[in-house]
Amino acid sequence: MVERERNVERRLVDLVRRRGGLCLKWTSPGTVGVPDRIVVMPGGRIYLVELKRPGGKPRPSQVAFHAKLARRGVRVHVVDDADAFARDVLDSGEQGIHPVEPVGDGEGQ
């Protein structure tokens with residue numbers, strides 16, 4: 001039986017929640033190629049995650065958007081094995097996107 005992307009996604013959501021994190025679905029109408037999930041872990045560690053079925057590869061539009069983020073210093077993790085991502089990234093303490101101090105009161109920003 002071939003494992004599907006949604007199974008990898010469900011497993012990731014479960015593993016992130018077990019570690020006290022949030023695994024938010026990212027939708028951006030009108031923007032093609034954005035990663036599937038924003039993972040927010042305790043301590044302000046944030047990861048952008050593109051989910052794939054095991055052995056799957058990003059589409060050209062996703063590769064292009066990931067490159068756009070990389071040029072701005074933001075890494076996208078392409079995940080086809082949620083357990084490996086949890087072990088190798090989340091449990092390793094990898095920094096993720098660096099948090100910043102809040103600026104302003106958040107009104108109108």
If a residue must be surrounded by 12 or more Cβ atoms within 10 Å (Cβ to Cβ), over 19 Å from residue 92 (Cα atoms) and not small (Gly, Ala, Ser), how many such residues does segment 27-49 contain?
4
Return the residues of segment 1-32 that are small (Gly, Ala, Ser) and at pLDDT 95 or above; say none if nothing qualifies.
20, 21
Return a yes/no flag: does segment 51-60 have any residue that is surrounded by 12 or more Cβ atoms within 10 Å (Cβ to Cβ), part of a loop (DSSP other than H, G, I, E, B) and at positive phi.
no
Counting just the residues of segment 10-26 that are of a type outside the set (D, E, K, R) and more than 14 Å from residue 83 (Cα to Cα), which one comes out surrounded by the fewest Cβ atoms within 10 Å (Cβ to Cβ)?
20
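The values are calculated or read from the model by the stated rules, or taken from the named source; none is laboratory data. For clarity, every value in this text was computed on a predicted model and none was experimentally measured. Backbone-built Cβ (ideal geometry, glycine too); neighbour counts: all protein chains shown.
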